[in-house]
Amino acid sequence: MDIRLRLVSSLCKVLHEAEPTAFPRDCKASLLRGEVYSLQAAYFLNEDVPGGLPFVNLEIACDLPVTLRQVFGVPVRFPKFGDSDANYIDSKERIYPDVLRNVRSSQVRLYPRQWDAFWLDVEAAPESKPGDYHLSVLMSDMDGKLIAKEDLVIELIDRELPRQKLIHTRWLHADSLAVHYQVPVLSVEHNRIMRNFISLAAKRGMNMILTPIHTPPLDTEVGGERLTMQLVDVFVTPLGYTFKFAKLRDFITMCRMEGIRYFEMAHLFTQWGGLHAPKIMGIKDGAYVQLFGWNTAADDPEYVKFLSLYLPAIEKELEYMDVLENSYFHLTDEPGGHDREQYFKLHDIVRKILPRAKFLDAMSDPASLPLDDKMIPVPANDHIERFENLDLSERWTYYCVGQHRDVSNTFIAMPAARTRILGVQLYLYRMTGFLHWAFNFYFSQYSVQPIDPYLNTDCGGFAPAGDAFQVYPGEGGQPEESLRLMLFLHAMQDLRALELLEKLTSREEVEQVIYQGLNQEITMKHYPREEGWLLCLRQRVNERIKSHQTV
């Protein structure tokens with residue numbers, strides 16, 4: 001059987017019809033303790049086989065623990081905008097590798113004259129000793145005859161990757177999970193599914209969660225509504241508004257148990273200008289009814305009265321749960337310069353109610369920012385320079401559908417290195433936090449109807465493929481990871497390794513390591529594009545860390 005087997009790096013997206021670049025042998029593979037080192041085994045059946053497609057046996061031999069998953073392709077009809085830059089894998093519709101699926105059998109079916117790949121994650125066990133480890137990927141026919149073998153040496157360095165300092169959030173759309181899996185909101189089954197998705201998010205470097213104290217007023221058609229997802233129970237009584245927090249307590253407890261450390265409360269006003277109140281449901285006269293929504297002006301006296309009771313009660317609850325110091329509030333998402341007057345009005349309303357709270361909002365125009373040291377702007381990574389000279393308590397950035405030219409993002413059609421470079425950029429820009437709008441948005445634009453992300457990767461043409469989700473809704477309420485989610489984890493690991501090296505040496509030395517061989521500054525828009533550059537950078541960083549090992 002004529003099989004070609006090749007080890008390639010995690011920064012190679014293996015396309016069915018294109019021969020992948022072999023693992024760069026000039027960059028030694030190494031990892032730190034607490035790190036996931038990923039690579040791929042690409043294979044190609046170089047002959048046509050009569051009858052049914054053949055099977056082979058796959059075996060991984062290594063004294064370090066290795067997790068094996070198969071890479072599956074998804075259809076991409078909308079890879080990029082017409083005015084995007086040229087740094088994409090392709091501008092045409094095609095199948096791209098993205099889903100990472102657990103392997104249930106060692107038997108692999110081969111498709112003739114198509115490249116496919118397995119994804120390997122290597123991690124050190126607590127008892128693993130530092131040094132070189134040999135990893136072998138072996139393929140044999142059904143009679144046990146060896147037909148292909150590839151080897152790689154991976155060095156385990158005896159240093160622990162430090163805990164992630166960056167605050168990282170990708171918005172969990174809890175209603176989307178209820179709709180996709182067809183389970184009642186906040187039922188036992190819905191909570192189980194949410195826990196699975198939150199657990200994976202935390203495992204892959206997300207440590208902040210969007211907390212739906214009320215239904216988040218995001219990506220909702222004006223005048224329309226999303227499925228109610230509200231953790232705070234509201235009651236209208238003759239004496240005013242009262243609240244119950246049992247669901248919020250359960251949610252926060254679940255998140256903390258899974259590793260979430262930071263909480264962001266749902267936005268207090270609608271998207272695109274903050275002109276209206278979000279959907280707030282409550283018990284009134286014995287019925288569960290909508291109290292506020294699109295028909296409520298943002299500065300409606302009754303809504304302001306509600307906020308004056310609602311927000312202090314939430315703040316008190318967060319303090320009771322011992323998460324207030326790590327909690328943030330939102331006013332409205334992405335206010336522009338033309339929304340300045342309205343945004344300042346919203347700020348004045350809420351600041352009087354919550355004088356100590358931290359507020360975090362995506363915005364890319366400094367004119368929208370009130371003079372308030374607890375107001376934290378989150379500019380897009382293609383507008384970050386506009387905020388550089390401001391005296392800010394925290395520095396954040398984000399990307400979404402609009403960041404499709406020059407800067408890093410996680411679109412499926414982007415080269416892997418373009419996603420991973422963000423870790424280096426976040427280090428150089430000294431970022432406190434990173435935000436992305438969608439961990440699992442499985443709707444069309446404005447949340448009008450659900451979509452199947454395995455088949456519809458662009459939310460019905462709303463955004464370039466992959467922008468709206470980092471995970472797929474797998475069977476049994478278990479999320480399936482995307483290749484892009486792993487790439488972002490590697491970006492976070494790069495950031496943590498750079499921070500470790502800075503702790504061992506100095507920031508100046510770390511920057512020297514980063515800029516070795518480069519003749520221009522790294523910015524959000526200008527950075528090395530090559531796969532090999534990132535791999536060799538980590539090699540240099542790891543070598544410096546190793547040289548500072550304690551004896």
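The values are calculated or read from the model by the stated rules, or taken from the named source; none is laboratory data. Model, not experiment: these values are computed from the prediction. All Cβ positions, glycine included, derive from the backbone under ideal geometry; neighbour counts span all protein chains shown.
Put simply, of Ser327, Ser368 the only residue that is farther than 25 Å from Val232 by Cβ and of a type in the set (Gly, Ala, Ser) is Ser368. One residue stands out in the stretch 194-234 among those that are of a type in the set (Lys, Arg) and part of a loop (DSSP other than H, G, I, E, B): the one that is surrounded by the most Cβ atoms within 10 Å (Cβ to Cβ), namely Arg226.
Is it the case that Gln512 is polar (S, T, N, Q), in a helix (DSSP H, G or I) and in contact (Cβ under 8 Å) with a residue 24 or more places away in the chain? Answer is no for this residue. Condition (residue is surrounded by 14 or more Cβ atoms within 10 Å (Cβ to Cβ) and of a type in the set (Asp, Glu)) applied to the stretch 26-35: is it met by at least one residue? Yes, the conditions are met somewhere in the stretch 26-35. Each residue in the stretch 473-520 was checked for being closer than 30 Å to Leu455 by Cα and either in contact with a Pro (Cβ under 8 Å, 6 or more places away or on another chain) or of a type outside the set (S, T, N, Q) (or both), and 18 of them qualify.
Checking the conditions here, which among Ser364, Ser368, Ser447 is crowded, with 21+ Cβ neighbours inside 10 Å, in contact with a helix residue (DSSP H, G or I) (Cβ under 9 Å, 6 or more places away or on another chain) and modelled with pLDDT of 95 or more? On inspection, the qualifying residue turns out to be Ser447. Listed by first and then second residue, the pairs with beta-carbon distance under 8 Å, at least 6 apart or on different chains, first residue in the stretch 255-273 and more than 17 Å from Asn196 (Cα to Cα) and in contact (Cβ under 8 Å) with a residue 24 or more places away in the chain, second of a type in the set (D, E, K, R) and assigned to a loop (DSSP other than H, G, I, E, B), are His267/Asp333; Gln271/Asp219; Gln271/Asp333; Gln271/Glu334; Trp272/Asp333; Trp272/Glu334.
Restricting Glu127, Glu189, Glu155 to those that are closer than 30 Å to Leu428 by Cα, among the acidic types (Asp, Glu) and either in contact with a helix residue (DSSP H, G or I) (Cβ under 9 Å, 6 or more places away or on another chain) or without any contact (Cβ under 8 Å) to a residue 40 or more places away in the chain (or both) reduces the list to Glu155.
Of all residues in the stretch 1-48, those being in contact (Cβ under 8 Å) with a residue 60 or more places away in the chain and closer than 25 Å to Ile157 by Cα number 24. Of all the criteria given as (1) over 24 Å from the mean Cα position of the chain (by Cα); (2) under 28 Å from Val179 (Cβ atoms), the one not satisfied by Gly336 is (2).
Of everything listed in (1) touching a Pro at 6+ places or on another chain (Cβ under 9 Å); (2) under 29 Å from Ile147 (Cβ atoms), the single unmet condition for Asn57 is (1). Quickly run through the stretch 450-463 and pick out the residues that are crowded, with 17+ Cβ neighbours inside 10 Å and either of a type in the set (Gly, Ala, Ser) or closer than 28 Å to Glu388 by Cβ (or both). Ala463 - this is the single residue of the stretch 450-463 that is crowded, with 17+ Cβ neighbours inside 10 Å and either of a type in the set (Gly, Ala, Ser) or closer than 28 Å to Glu388 by Cβ (or both). Taking the listed residues Val66, Val103, Val99, Val71, the one that is over 30 Å from Asn542 (Cα atoms) and of a type in the set (A, V, I, L, M, F, W, C) is Val103, with no other qualifying. The residues of the stretch 516-534 that are within 27 Å of Arg33 (Cβ to Cβ) and either out of contact with any Leu (no Cβ under 7 Å at 6 or more places or on another chain) or at pLDDT below 95 (or both), listed by number, are Gln516, Glu531, Gly532, Trp533.
Just to be sure, is Leu435 buried (at least 22 other Cβ atoms within 10 Å of the Cβ), in contact (Cβ under 8 Å) with a residue 60 or more places away in the chain, under 16 Å from the mean Cα position of the chain (by Cα) and farther than 29 Å from Phe118 by Cα? Answer is yes for this residue.
The single condition among (1) free of Cβ contacts under 8 Å to residues at least 60 places away in the same chain; (2) hydrophobic (A, V, I, L, M, F, W, C); (3) in a helix (DSSP H, G or I) that Leu518 does not satisfy is (3). Here the stretch 140-184 is the region considered, the condition is being of a type in the set (Val, Ile, Thr) and part of a strand (DSSP E or B), and the residue that is farthest from Gln539 (Cα to Cα) is Ile147.
Please determine whether any residue of the stretch 304-316 is outside any loop (DSSP other than H, G, I, E, B), over 19 Å from Pro216 (Cβ atoms) and of a type in the set (Val, Ile, Thr). Yes, there is a match, as at least one residue in the stretch 304-316 is outside any loop (DSSP other than H, G, I, E, B), over 19 Å from Pro216 (Cβ atoms) and of a type in the set (Val, Ile, Thr). Within this structure, Leu120 fails the test of being surrounded by 11 or more Cβ atoms within 10 Å (Cβ to Cβ), within 28 Å of Glu35 (Cα to Cα) and touching a Lys or Arg at 6+ places or on another chain (Cβ under 7 Å). Among the residues making up the stretch 262-318, those that are among the β-branched types (Val, Ile, Thr) and under 21 Å from Phe359 (Cα atoms) are Thr270, Ile280, Val304, Ile314.
When you scan the stretch 352-419 for strands (runs of 3 or more DSSP E) that lie fully inside it, which ones turn up with 2 or more residues that are within 16 Å of the chain's Cα centre (by Cα)? Where strands (runs of 3 or more DSSP E) fall fully within the stretch 352-419 and carry at least 2 residues being within 16 Å of the chain's Cα centre (by Cα), they are 396-399.
Residues in the stretch 494-509 that are farther than 30 Å from Phe81 by Cβ and either in contact (Cβ under 8 Å) with a residue 60 or more places away in the chain or not in a helix (DSSP H, G or I) (or both): Arg496, Ala497, Leu498, Glu499, Leu500, Lys503, Thr505, Ser506. For the criterion of being under 15 Å from Pro212 (Cβ atoms), surrounded by 22 or more Cβ atoms within 10 Å (Cβ to Cβ) and of a type in the set (A, V, I, L, M, F, W, C), Phe243 fails.
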